[in-house]
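Encoded as structure tokens, the structure appears first; notes follow it.
The values are calculated or read from the model by the stated rules, or taken from the named source; none is laboratory data. The model shown is predicted, which means the values in this text are computed figures rather than measured ones. Don't worry about glycine lacking a Cβ; one is built from the backbone with ideal geometry, like all the others, and counts go over all protein chains shown.
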Amino acid sequence: MFNVFRKEIDWAGRKLVLETGKIARQADGAVMATLGGTTVLAAVVFEKKPKPGLDFFPLTVNYQEKAFAAGKIPGGFFKREGRPSEKEVLTSRLIDRPIRPLFHENFRNETLIVATTLAHDLENDPDIVAMIATSAALTLSGAPFMGPVGAARVGMVDGKLAVNPTLKQLETSTLDLVVAGTKEGVLMVESEAKELDEATMLAAVMEGFRSFQPVIDAIIQLAEHAAKDPFTPAAPSPVAAAVAGKLKAEARAKLAEAYGETQKQSRQAKVGAVKDAAKKLFEGDDASLAAFGEQFGNLEADVVRGAILDTGKRIDGRDTKTVRPIVAEVGVLPRAHGSSLFTRGETQALVVATLGTGQDEQIIDALEGEYREHFMLHYNFPPYSVGEVRRMGSPGRREIGHGKLAWRAIRPMLPSKDKFPYTVRIVSEITESNGSSSMASVCGGSLSLMDAGVPMERPVAGIAMGLIKEGERFAVLSDILGDEDHLGDMDFKVAGTDRGVTSLQMDIKITSITEEIMRVALAQAKDGRIHILGEMAKGLGGARDSVSQNAPRITQFSIPKDKIREVIGTGGKVIREITETTGTKIDIEDDGTIKVAAVDANAGQAAIDWIKGIVAEPEMGVIYTGKVVKILEFGCFVNFLGSRDGLVHISELAPRRVAKVGDVVKEGEQVKVKVLGIDDRGKVRLSMKAVDQQTGEDISNKPREDSPAAD
């Protein structure tokens, strides 16, 4: 019934299995990939006819994790998987980025890729398995895909590069790098590092590139047995060639002149005028008008790219290495805990840092288990930042991806939670954009944290690099513009400190780039990063001496573990009373660590004293303040140390004879008591008459008021 094909190899010490022909047989291509005990099914389908009028490739990649893969039932009311998690969105982008440039340039057919994690061994991250499964499914599908693509993760374990480290090893690794590419070269890099130098980062990329070559060979061998006949995309229309020729003759010179304008908005207006005039050349010819948009875009690329390679000058007048003017400001929002306005040329980010407590941590329910995140970075890209009018909605994949890139860049420089017990949230609002707003978020985020008083190890800056490559000629561009990103061949983002790289992300629009180009880009990016750090230092060179006066002060101390119950109280009664009375936030950890957060220092100290009073042990002869909680015929019970009660015998109520306890005290009354004794069962004897109830002075040596000595 099944015509199953299977390929198995030993890869980096684990077994990798690729299987097709049994599951999802109606898809154009479907492969089940298993690495160790982690299994991902990737299925590919594409329309056999292109949609008319499309000038882009409509590719959709959806990665999804099923809770049953880790033997779990989803949380929440509905008990089923819902909207994509951040991990699913980021993995979808991770799969999309290396495969998109490998489709035939004439392929405009709608294509859907679905990668589903079916089993997770909690050792091997499914993202690499999903990338390999997708590459294999595409290679078998018959789609015009110039793959296959391989992928690998590289870590730094015990000071050495390690391919596909386990999730446990990654916890202590100073590097987490994902690289993807073909037989010819690297296509995509995504990474987080602990200030590694450029040579180490490049070595890690190449180690990953070499390691996935056997995977590519395995996919090819599987395809030799199971691949479908290749699909031939529609041939380019002869009309398109005619439109391209006419545009080159009639509009190229005017377009080159328009791109000579260095100011973005003026340049866009001039280019738009040239485009409108050129479009009129084809009025009445529907076929030519259908091809016009794409061909005009090709002409733009030819003009911009050619000028850079021929003259070394870019559309804003810079050379290939110069970074645009930078203005770094801090403290721009008076009520924020930390804020900055980072402006680089025509790109601007308003970045705000907020400090919270453990109660503000994000709870993440992942396949690997539930965990808490105390550092968050959220990136927003409103349409006004590029002068556009469009519908606004919830954050899209781009916003999530850019935010995560900035998060990876900054996180290695944050103090540990033990040293700085705050939850930290950064929000980057892009208020203007013409170039890398994610790198502006890194720079602005670093400044806002230092403004808030977060003791970062060192400031972090980021820069976006571009590439123009024609044949053997190439130019690496520092601090690329939006047009250079759109019309170029590479988006290469590097963030780090003056000592090393903390994050590296690379996407290629051509089939691959060489190790030499990466080496040049990394060296040029380092020079740019050092320059940007210098400009940032003009605004703020390091973290402020203390946290913002608007932020809560967190005091951390420990209590015995067996006292936690007393501080919390029955049903949380005690801790709730403390927080409501003092207006503080209190976190209690299982090991007895207490964190008291308060904007008002006096309120914080009151909560601390209250808690310490609860856990303190009564001492002989010491005077305490307590509350009368119960009245009996022979005396009263006073609560004086949290849940600790002691008995004041009727004879110890006052320095005179007392006929009735209620004549001296009432329930709920605050009194001062002295500890007279503690028996072997922990019962405490107290005295009120030994203490002056007004001053709290010990008067135990004074005679009774009704004794003869008092006369």
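Quick one: would you say Thr174 is β-branched (Val, Ile, Thr) and either touching a Phe, Trp or Tyr at 6+ places or on another chain (Cβ under 6 Å) or without any contact (Cβ under 8 Å) to a residue 24 or more places away in the chain (or both)?
yes
One line per residue, one yes/no per condition, for (1) closer than 26 Å to Val520 by Cβ; (2) hydrophobic (A, V, I, L, M, F, W, C):
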| position | (1), (2) |
| --- | --- |
| Asn434 | yes, no |
| Ser441 | yes, no |
| Gly445 | no, no |
| Leu449 | no, yes |
| Val454 | no, yes |
| Arg458 | yes, no |
| Gly462 | yes, no |
| Gly466 | yes, no |
| Lys469 | yes, no |
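State yes or no: is Pro58 in contact with an Asp or Glu (Cβ under 6 Å, 6 or more places away or on another chain), at negative phi and surrounded by 14 or more Cβ atoms within 10 Å (Cβ to Cβ)?
yes
Can you tell me which residue among Glu373, Glu368 is touching a residue at least 12 places away in the same chain (Cβ under 8 Å) and touching a His at 6+ places or on another chain (Cβ under 8 Å)?
Answer to the check: Glu368.
Restricting attention to the stretch 661-705, and to residues there that are outside any loop (DSSP other than H, G, I, E, B) and among the basic types (Lys, Arg), which single residue is farthest from the chain's Cα centre (by Cα)?
Filtering the stretch 661-705 for residues that are outside any loop (DSSP other than H, G, I, E, B) and among the basic types (Lys, Arg), the one farthest from the chain's Cα centre (by Cα) comes out as Arg685.
Among the numbered criteria (1) out of contact with any Ser or Thr (no Cβ under 8 Å at 6 or more places or on another chain); (2) over 19 Å from Arg324 (Cα atoms), which single criterion is violated by Arg529?
Failed condition: (2).
Could you tell me whether the stretch 101-113 includes any residue that is of a type in the set (Asp, Glu), assigned by TED's automatic domain parsing to the domain that holds Ala136 and surrounded by fewer than 13 Cβ atoms within 10 Å (Cβ to Cβ)?
Within the stretch 101-113, one or more residues are of a type in the set (Asp, Glu), assigned by TED's automatic domain parsing to the domain that holds Ala136 and surrounded by fewer than 13 Cβ atoms within 10 Å (Cβ to Cβ).
Sort through Ala199, Ala223 and tell me the only one that's surrounded by fewer than 16 Cβ atoms within 10 Å (Cβ to Cβ), assigned to a helix (DSSP H, G or I), among the aliphatic types (A, V, I, L, M) and within 38 Å of the chain's Cα centre (by Cα).
When all the criteria are applied, what remains is Ala199.
Please determine, by comparing only the residues of the stretch 507-541 that are polar (S, T, N, Q) and part of a loop (DSSP other than H, G, I, E, B), which one is farthest from Leu202 (Cα to Cα).
Here the answer is Thr511.
Quick one: would you say Asp545 is farther than 21 Å from Asp587 by Cα and either surrounded by fewer than 20 Cβ atoms within 10 Å (Cβ to Cβ) or without any contact (Cβ under 8 Å) to a residue 24 or more places away in the chain (or both)?
Criteria met by Asp545.
Please determine, by comparing only the residues of the stretch 542-575 that are part of a strand (DSSP E or B) and either among the polar types (S, T, N, Q) or out of contact with any strand residue (DSSP E or B) (no Cβ under 9 Å at 6 or more places or on another chain) (or both), which one is farthest from Asp197 (Cα to Cα).
Going through the qualifying residues, I end up with Ser558.
Would you check which residues across the stretch 477-506 are outside any strand (DSSP E or B), out of contact with any Gly (no Cβ under 7 Å at 6 or more places or on another chain) and either among the aromatic types (Phe, Trp, Tyr) or within 16 Å of Ile532 (Cβ to Cβ) (or both) and list them?
Thr497, Asp498, Arg499, Gly500
Go through the stretch 333-347 and give me each residue that's assigned to a loop (DSSP other than H, G, I, E, B) and crowded, with 24+ Cβ neighbours inside 10 Å.
His337
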